[in-house]
Amino acid sequence: MAQFTDRVAVVTGASRGIGRGIALELAKRGATVVVNYHSSPDAANEIVKYIVSIGGAAMAVRADVSQEEDATALIKTAIDTYGKIDILVNNAGVTRDNVIMMMKAEDFDTVINTNLRSAWLCSKAAIRSMMRKRYGRIINISSVSGILGNGGQSNYSASKAGLIGLTKALAREVAPRGVTVNAVAPGFVLTDLTKDLPEEMTNQLNEHIPLGRWGEIEDVAYAVAFLASDQAAYITGHTLVVDGGMAM
Ligand code: NAP
């Protein structure tokens, strides 16, 4: 098991779902975790309480990471409080699905800003501190939708494909300073984001997953923990697909 003692991690969108699972996994392995939330303060505070109850350190910070001022303040709070940021997990994400003819431009903008712009903003805010310390791990939560494309998700697929491009470009830029940048592309994981998919679609999806099941939140959290670990020091610019074989 990788150990993150003395490591400071910021996880965006950590109040629920996959982000919550990532925050808990990093904390269980010893990291101090900044639990970012947007509209779920109670859920975020509960996670902090739990982490503290198991002997860890954490704090909840509200920020709409699609907004520059909020994203910058989130990272600044982490650095001011704990002195540095070692691990940044850009996880916050939303969907606004529709066929392109029915999709409003504002739904395109919301998804791009929340899923992609946020990762750019948080990375920009964190990178100086990481480069100065000559250590950093940035992990962007993409999706198989960004690799395969998904009908009805032109906005979401574009945002998730954009994250893969951002990962590669930034990985090249900051590699000389010991900072790695990778992406994790989950397949389907049961969370608030996916719970309302029509049953017919769910059944169809299952047929395309060689391992025959949806992913668990922990499947994604373990992949993130690996990429955040010292054992992954020679991996950068990579997209680790965690999808039961769906996209191969
Ligand atoms: P979820 O359960 O709906 O949780 C989304 C999280 O994002 C919440 O904690 C929410 O915080 C946060 N968030 C949303 N907008 C935000 C904003 N503007 N600023 C800060 N935080 C914001 O979703 P999930 O399924 O865990 O998804 C997490 C990530 O994994 C997303 O990037 C998603 O695209 C990706 N992913 C999910 C799946 C899947 O099958 N579930 C598959 C592939 C990729 P509040 O509740 O506090 O607002």
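Here are a few things to note about the model shown:
- The angle between the Cα long axis of helix 68-82 and the longest principal axis of the Cα atoms of the chain comes to about 40 degrees, rounded to the nearest 10.
- Between amide H atoms placed 1.01 Å from N, distances below 5 Å from residue 58 occur with 33, all of them 5 or more places distant or on a separate chain.
- Helix-only mean residue ellipticity at 222 nm for the chain, each DSSP H run of n ≥ 4 adding -39500 (n - 2.57), per residue, nearest 500: -14000 deg cm²/dmol
- Compactness ratio for the stretch 162-214: Cα radius of gyration over 2.2 N^0.38 Å (N = residue count) comes to 1.67.
- Lys pairs, the stretch 1-128 - Cα-Cα below 15 angstrom, 8 or more residues apart or on other chains: 4
- Mean Cβ count within 10 Å, highest first, over the residues of peptides 198-206, 230-238, 137-145, 153-161: 137-145, 153-161, 230-238, 198-206
- Reduced Cα scattering model of the stretch 127-248, Debye log10 I(q)/I(0), q = 0.14, 0.15, 0.19 Å⁻¹: -0.63, -0.71, -1.01
- Applying the Karplus relation 6.51 cos²θ - 1.76 cosθ + 1.60 with θ = phi - 60° to the stretch 40-55 yields 3J(HN,Hα) values of 10, x, 5, 4, 5, 5, 5, 5, 4, 4, 5, 4, 5, 5, 9, x Hz, where x marks Gly and Pro.
- Integer Hz, Karplus 6.51/-1.76/1.60 couplings in order for the stretch 159-172, x for Gly and Pro: 5, 6, 5, x, 5, 5, x, 4, 4, 5, 5, 5, 4, 5
- Cα Rg, Dmax (largest Cα-Cα span) when computed across the chain, Å: 17.0, 51
- Calculated from backbone phi, Karplus (6.51, -1.76, 1.60) coupling profile of the stretch 183-188 in Hz, x at Gly/Pro: 10, 10, 10, x, x, 9
- 19 Å cut-off, amide nitrogen to a point 7 angstrom out along residue 73 Cα→Cβ, residues in the stretch 22-40: 34-40
- Between the stretch 185-248 and the stretch 1-70, the Cα center-to-center distance that results, in Å: 20 Å
- Residue 39 paired with residue 53, simple spin-label distance in nm, labels 7 Å along Cα-to-beta-carbon: 2.7 nm
- The chain: angle of helix 17-28 to the longest principal axis, Cα-based, in degrees nearest 10: 30 degrees
Since every read-out is calculated from the coordinates, none of them should be taken as a lab result. Note that this is a predicted model, so its numbers are computed, not measured. Quick reminder, even Gly has a Cβ in these numbers, built from the backbone with ideal geometry, and neighbours come from all protein chains shown.
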